[in-house]
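Heads up, the thing below is written out as structure tokens.
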Amino acid sequence: MSISSSGTTRGKVTAWALWDWASAAFNAVVTTFVFSVYIVNSDFFGPDANTNFGYTMTAAGIIVAIIAPVMGQSVDRSGKRRSLITLTTTITILATAGLALVRPEESYLWLGLLLLAIGNIAFDTGSVVYNAMLTDISTPQNRGKISGIGWGLGYVGGIVLMLILYLGIIGPEVGWFGVTSDDGMKIRMSMVLCAVWTLIFSLPLMRTASDTVPKTTEKVGIIGSYKLLFASIARLWRKDRSLVYFLGSSALYRDGLAGVFSFGGVIAAKAFGFSDDEVLVFGIAANLVAGIATITFGYADDYFGSRPVILFSLTSMVTLGLLIFFLHDAGTIVFWICGLLLCVFVGPTQSSSRTYLARIIPAGEESEIFGLYATTGRAVSFLSPFLYSTAITIGATALDITKDEAAYFGILGIVVVLLAGFLTFFLIKPERKNRDNVAAFEE
């Protein structure tokens, strides 16, 4: 393999970035725009399918929040990155393939939700290791570029895969292999192709990833791992409380950002009556505008700073979420406009948050703080799904309507999380532009 002038191996960078391309199958198709829409169909899986979906994702988020700090520290100590990324990716592939068994009958609801939860837990914990690998294949001078390649491939992969599924299986009356909509076969066959897609494009990383040198052979259990985590936060609290406020605030609104994509397809289908085809087309458009916006807002971040970009984006998303709620009776045009505009601000907020943190981290503490950033981001990953389902339940009870009819209330749960992140952001002091840190850690 050829080595670039920056000291990184091109083949390893390609293999690493292809994992993001592979992840589009689970991120975009399974959990957002195809299977999630299928599993909440009340005609197939009963009137409580939508809220049960949200609560199942809540449980998965809680499990991730519990094990992520332990797993992250364990991998740092043992150095077994290749082993763990292989294990978690394999579980994600098997869970995705298993979704093909979920027939459109109420008795299959919990099988589908269980497999979704297992896939989410495996994928999210694998992402912890995947993100940590960035330091293995990059230098401070090219880290932002390499990270951006992976991020961009994730969006592009989603577009390509959804186009393939739409043109080959879901869109035509009779798709590839003679597949029709009978017995949910279009969705079920799509899950098989998603599993194959993930396997093919994640294999390069599973084959080329390297373990790192173990830092220690000492065993630290769950309680010990959390003691170390809280000790790090306590030290940071004494040293720079603004940084702690940022970790808390960003954890909240980043969970809201995840909620926008996780439940976007479900809200389109349940609250606005989008067909499966329309949801998939919306997903393609959403990934396209998110990718373009992330690149465009990067220039705004450099010019205006990260703080204005974050605050403007969060303000816009809260406003658009409220418009979706109050204007839901106006029909699909509302979600096409406001929903796509919501997607415009997801990527820029994520990107600018990392840049903001890079600018306020004290020199020499980058690795520790970015580790806390990853951990706190998962610590509240149950909030959006919990509030999504709870808002629907409250709306249905208050208005004496069915949960399907109250589906549009779900957006309010996500708005609450975004608003909480927005309000707590004002506790944070303005950024200082430490350009050395930005070069090293902007992703």
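In table form, for the structure just shown:
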| quantity | calculated |
| --- | --- |
| Computed label-point distance, nm, for sites LEU163 and LEU203 using a 7 Å Cα→Cβ extension | 2.4 |
| Peptides ranked, highest mean first, by Cβ atoms within 10 Å: ranges 167-179, 338-350 | 338-350, 167-179 |
| Residue pairs, from the table LYS12/LYS227; LYS80/LYS239; LYS80/LYS227, whose Cα atoms sit over 25 Å apart | LYS12/LYS227; LYS80/LYS239 |
| C-alpha center-to-center spacing [segment 331-350, segment 302-325] in angstrom | 11 |
| Distance (nanometres) between label positions extended 7 Å along Cα→Cβ at THR180 and GLU105 | 1.9 |
| Per-residue HN-Hα couplings for segment 187-204 [Karplus 6.51, -1.76, 1.60; θ = phi - 60°; Hz; x = Gly/Pro] | 6, 5, 5, 4, 5, 4, 5, 5, 5, 5, 4, 4, 4, 4, 8, 9, 4, x |
| Amide H contacts under 5 Å for VAL179, placed H, 5+ residues apart | none |
| Peptide ranges 41-47, 384-390 listed from the most packed, as the mean C-beta count within 10 angstrom indicates | 384-390, 41-47 |
| Cα shape, segment 270-352, gyration tensor, a/c 1.5 rule | oblate |
| Karplus-derived HN-Hα couplings along segment 44-51 (A = 6.51, B = -1.76, C = 1.60, θ = phi - 60°), whole Hz, x at Gly and Pro | 8, 10, x, x, 9, 4, 5, 5 |
| Difference of contour (0.36 nm per residue) and Cα-Cα distance, THR296 to ALA231 | 19.5 nm |
| Calculated from backbone phi, Karplus (6.51, -1.76, 1.60) coupling profile of segment 412-428 in Hz, x at Gly/Pro | 5, x, 5, 4, 4, 5, 4, 5, 4, x, 4, 5, 6, 5, 6, 6, 8 |
| Carbon + sulfur, % of accessible area of segment 239-328 - ligands and nucleic acids excluded, 1.4 Å | 70 |
| Part-to-part distance (alpha-carbon centres) for segment 380-427 and segment 263-295, which is given in Å | 19 |
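The values are calculated or read from the model by the stated rules, or taken from the named source; none is laboratory data. Please read all numbers here as calculations on a predicted model, not as lab measurements. Positions of Cβ are backbone-derived with ideal geometry, glycine not excepted, and every protein chain shown enters the neighbour counts. Calculation scope for accessible area: heavy atoms of the full protein, side chains included, ligands and nucleic acids excluded. Shrake-Rupley method; radii C 1.70, N 1.55, O 1.52, S 1.80 Å.
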